[in-house]
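A short worksheet on the structure shown next.
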Amino acid sequence: MDLFPYALRKNQENIMRDIRNTLDARKHFVFESGTGSGKTICVLSSTLQYALENNKKIVYATRTNAQQRQVILELRAIRKKMKDKRIFGLGIQGRTNMCILAKNDPEIGNGTSEELSKFCSNQKKKVLSNKKNEGCKYYRKFIGDKQKIDTILEWTRQKLPTAEEFVEYCKKNTVCPYEMNKALIREAVVIVVPYIYVFDKTIRIMLFDWLSTSEDDILLVVDEAHNLPDYLRDLFSAQLSAWMLNGCVFEAEKVGDPSIANGKISVSKFCKILSEIVNDLRDTYVYGILENGIRRNTHVKSDAFIPSHELESEILSRLKITSITLRDIISDLIAYGEKIQDYRQKEGKLPRSYIHKLGIFLEFWITVEMDRYIKLVVDSADGKNPRIEAYCLDPSIGTGIINEFHSSIHMSGTLKPLEEYRDSLGLSQYTELVFYPSPFSRENRRIFFTRDVTTRYEEIARDKTIISRMWQHITNICNTFPKNTMVFFPSFNILSMFRNKGYFTDIERCLYVEEQAMSQSDLMDLVIDFKRCGVENSNGAALFSVIGGRISEGMDFPAEQLEIAVIVGIPYPKPTARQRGLQRYYDLKFGKGWEYTVNAPAARKLLQSIGRLIRDENDRGVAIVLDKRAPRFKQYISDMRESKNLLADISSFMNR
Ligand code: SF4
């Protein structure tokens, strides 16, 4: 606790003591402590003390850049208190954010980490070949201007910058931030990275190579851990879309449309047939179109299961080839793709090849373990871009590495049931699981729900008055209380539905609306304006956003910046085929499909949104859940109560 730089709040001492015991015992620790309870500083202080005493390093994995920034700011606070130069950390981001060439060129910036890595190697090779003015100028400066490098090194050691500040400073000095980071990383005790640096094998090997440290000397911290299982499922899934196949055809035609499988077929012909198969799979399984052209499914589905060997069987039968020939085709696609990558690289372009991606996808698809994956066909872009997906059900597929670390700490404000997290990730049964109650007085928040509305699809379809009643609640709350109010809709589609009905004009105060396609910086501008209204404008403002989005998870709104949160409906996952597959998998594995894949994720989203209200001991706020199904979440939100008169109940709380 020596390193802790602030006055201690309730529970913080317990958290730090428990972490210390876990580190001493070389175990894993999973804990939940309410949003805003100061988890980051507790974890950082206790792990840092242990790391300094035992010559370990901390790899701190975050999901977003905003969380990464917060860790660096807390590290600065610790160093300010301790005045110890050994306390040094680095925020590392992917090349998309750290490569200045990628930042300046959208085409290069769109590259995957593998493509950017190859692009960068080639740029560096050109510089090293001593050809004047060829290759990356930021690398040339990095290897050629020792004085400048020393200045940047010293500035970084002194300032302990966030990743954004570091990139800006390097850019100003025309030096590559990515290479500078590599030069500094061994001095850092805390390395703050996106999840991918820990869970993607290739990137992890590179990180450990830079660090020159074994796994056994690493303390892993996973921030906002409730995101990790879904993140891993996405990371280990693969998809192939009709648009990507169009990209393959275009690419093949540009390079003379080579033949594959000993001249049996051209690349473009193969891709066109594959595209037809993907469209047919969508028509059959998603739309339910029969051979006579009649559509069987009357309700709109977005995805469907496909039998595990259906794609391969269709390819074999339409091309009249054997499975051995199919394997030859896949090898040829990969080989051609590599040639295209090399060619583009020589031209100084991003080494991207759609044909290569197709080969890799098919290789994965035909060998995927069906006990941990499902195969889906998904409709998208209004039917224009169907895709097939091998969707990973089991996040533990990528977590074996965690057991190699000295210890790992997993934390979130919304992680219950903790056993589900441990079991999903395949952590040891000896993992410590601890729940710390919120340190803030329950008197400072009220959570109401109302029984006269719901977003349950069947009920809305039956009773057309539900939507207008729902809107009436939203308008009344926004127009009655001159406080900053946020309304979380279940999805952008539902938000648009209210907008398209022309309802938004009923709101009689400054209204901000989050758009799905908004860039991060536009979103931040909007949020800053909204916050300012709460502090400077006596009328407050309303902000319409979505639950489970960029605002409801991870942004802070202390004091007057947010006083009322309205949650429109229960954020249950959509009953898609993907969701049903996941539920079935958890039923088979743990006997708890509904609880683990439907109820708990919905509860987490509710709690994350409610958590925006109270960020410290003096914050007050009221949340309203507009859905009769809210009492199902009493085990997660025990202080939730029914309101028969929302305006009166909110008023009475506000006026206390
Ligand atoms: Fe980008 Fe740096 Fe590589 Fe240049 S050296 S290409 S700036 S990552």
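Within 27 Å of Tyr195 (Cα to Cα) and either assigned to a loop (DSSP other than H, G, I, E, B) or at pLDDT 90 or above (or both): does that describe Lys148?
Against the criterion (within 27 Å of Tyr195 (Cα to Cα) and either assigned to a loop (DSSP other than H, G, I, E, B) or at pLDDT 90 or above (or both)), Lys148 does not qualify.
For residues that are over 25 Å from Val378 (Cβ atoms) and open to solvent by 20 Å² or more (accessible area, probe 1.4 Å), tally how many sit in segment 225-257.
Within segment 225-257, residues that are over 25 Å from Val378 (Cβ atoms) and open to solvent by 20 Å² or more (accessible area, probe 1.4 Å) number 5.
Can you report the number of residues in segment 56-97 which are of a type in the set (Lys, Arg), closer than 25 Å to Cys176 by Cβ and open to solvent by less than 40 Å² (accessible area, probe 1.4 Å)?
Selection size over segment 56-97: 2.
List pairs: first in segment 48-66 and at positive phi, second open to solvent by 20 Å² or more (accessible area, probe 1.4 Å) and outside any loop (DSSP other than H, G, I, E, B), Cβ under 8 Å, 6+ apart or cross-chain?
Pairs that qualify, where the first residue is at positive phi and the partner is open to solvent by 20 Å² or more (accessible area, probe 1.4 Å) and outside any loop (DSSP other than H, G, I, E, B), are Asn55/Asp217.
Name the residue, out of Asp627, Asp616, that is of a type in the set (Asp, Glu) and at pLDDT 95 or above.
Selected residue: Asp627, the only one of Asp627, Asp616 that is of a type in the set (Asp, Glu) and at pLDDT 95 or above.
With respect to Ile467, determine if the residue is open to solvent by 30 Å² or more (accessible area, probe 1.4 Å), within 22 Å of Ala630 (Cβ to Cβ) and at pLDDT below 95.
Considered against the rule, which asks whether it is open to solvent by 30 Å² or more (accessible area, probe 1.4 Å), within 22 Å of Ala630 (Cβ to Cβ) and at pLDDT below 95, Ile467 comes out as no.
For (1) near the ligand (Cβ under 7 Å from one of its atoms); (2) of a type in the set (Lys, Arg); (3) more than 10 Å from Leu350 (Cβ to Cβ), each residue gets a yes or a no:
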{"position": "Pro106", "(1), (2), (3)": "no, no, yes"}
{"position": "Gly109", "(1), (2), (3)": "no, no, no"}
{"position": "Ser113", "(1), (2), (3)": "no, no, yes"}
{"position": "Lys118", "(1), (2), (3)": "no, yes, no"}
{"position": "Ser121", "(1), (2), (3)": "no, no, yes"}
{"position": "Lys124", "(1), (2), (3)": "yes, yes, yes"}
{"position": "Asn130", "(1), (2), (3)": "no, no, yes"}
{"position": "Glu134", "(1), (2), (3)": "no, no, yes"}
{"position": "Arg140", "(1), (2), (3)": "no, yes, yes"}
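Kindly indicate which of Thr151, Thr96, Thr156 is without any contact (Cβ under 8 Å) to a residue 24 or more places away in the chain, away from the ligand (no atom under 14 Å from the Cβ) and either β-branched (Val, Ile, Thr) or touching a Phe, Trp or Tyr at 6+ places or on another chain (Cβ under 6 Å) (or both).
Exactly one of Thr151, Thr96, Thr156 is without any contact (Cβ under 8 Å) to a residue 24 or more places away in the chain, away from the ligand (no atom under 14 Å from the Cβ) and either β-branched (Val, Ile, Thr) or touching a Phe, Trp or Tyr at 6+ places or on another chain (Cβ under 6 Å) (or both), namely Thr151.
Kindly establish whether Gln579 is free of Cβ contacts under 8 Å to residues at least 24 places away in the same chain, open to solvent by 10 Å² or more (accessible area, probe 1.4 Å) and in contact with a Phe, Trp or Tyr (Cβ under 7 Å, 6 or more places away or on another chain).
Considered against the rule, which asks whether it is free of Cβ contacts under 8 Å to residues at least 24 places away in the same chain, open to solvent by 10 Å² or more (accessible area, probe 1.4 Å) and in contact with a Phe, Trp or Tyr (Cβ under 7 Å, 6 or more places away or on another chain), Gln579 comes out as no.
Of everything in segment 605-637, what is under 15 Å from Gly36 (Cα atoms) and charged (D, E, K, R)? Give them in sequence order.
Scanning segment 605-637 gives Arg612, Arg615, Asp616, Glu617, Asp619, Arg620.
Give the residues of segment 594-650 that are part of a loop (DSSP other than H, G, I, E, B), surrounded by fewer than 16 Cβ atoms within 10 Å (Cβ to Cβ) and touching a helix residue (DSSP H, G or I) at 6+ places or on another chain (Cβ under 6 Å), sorted by residue number.
Asp639
Working only within segment 166-196, note down all residues that are open to solvent by 10 Å² or more (accessible area, probe 1.4 Å), part of a helix (DSSP H, G or I) and more than 13 Å from the ligand (Cβ to nearest atom).
Matches in segment 166-196: Glu168, Tyr169, Lys172, Arg186, Glu187, Ile196.
Where the second residue is among the polar types (S, T, N, Q) and part of a strand (DSSP E or B) and the first is assigned by TED's automatic domain parsing to the domain that holds Phe492 and under 12 Å from Gly611 (Cα atoms) and lies in segment 540-562, which pairs have Cβ atoms under 9 Å and are six or more apart or on separate chains?
Ile551/Ser545; Ser552/Ser545; Leu562/Thr485
Can you tell me which residue within segment 197-224, out of those that are under 16 Å from the mean Cα position of the chain (by Cα) and outside any helix (DSSP H, G or I), is surrounded by the fewest Cβ atoms within 10 Å (Cβ to Cβ)?
Looking at the filtered set, the residue picked out is Asp200.
Give me a count of the residues in segment 6-49 that are open to solvent by 10 Å² or more (accessible area, probe 1.4 Å), farther than 24 Å from Asn403 by Cα and out of contact with any Asp or Glu (no Cβ under 8 Å at 6 or more places or on another chain).
Residues in segment 6-49 being open to solvent by 10 Å² or more (accessible area, probe 1.4 Å), farther than 24 Å from Asn403 by Cα and out of contact with any Asp or Glu (no Cβ under 8 Å at 6 or more places or on another chain): 10 in total.
Just give me the residues in segment 151-199 being of a type in the set (D, E, K, R) and closer than 30 Å to Arg233 by Cα, in sequence order.
Glu164, Lys182
Based on what the data block shows, is Phe88 over 24 Å from Pro351 (Cβ atoms), touching a residue at least 60 places away in the same chain (Cβ under 8 Å) and either near the ligand (Cβ under 10 Å from one of its atoms) or outside the structural domain of Leu350 (by TED's automatic domain parsing) (or both)?
yes
Is it fair to say Ser113 is of a type in the set (Ser, Thr, Tyr), in contact (Cβ under 8 Å) with a residue 60 or more places away in the chain and either buried (at least 16 other Cβ atoms within 10 Å of the Cβ) or at negative phi (or both)?
Criteria met by Ser113.
Okay, residues lined up against (1) modelled with pLDDT of 95 or more; (2) closer than 25 Å to Ser117 by Cβ:
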site: Asn292; (1), (2): no, no
site: Ala304; (1), (2): yes, no
site: Ile334; (1), (2): yes, yes
site: Lys349; (1), (2): no, yes
site: Arg352; (1), (2): no, yes
site: Ile355; (1), (2): yes, yes
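The values are calculated or read from the model by the stated rules, or taken from the named source; none is laboratory data. Keep in mind that this is a model prediction, so the values were computed, not measured. Note that each Cβ is placed from the backbone with ideal geometry, even for glycine, and that neighbours are counted across all protein chains shown. Side chains are part of the model used for accessible areas, which takes the heavy atoms of the whole protein and leaves out ligands, DNA and RNA. Shrake-Rupley method; radii C 1.70, N 1.55, O 1.52, S 1.80 Å.
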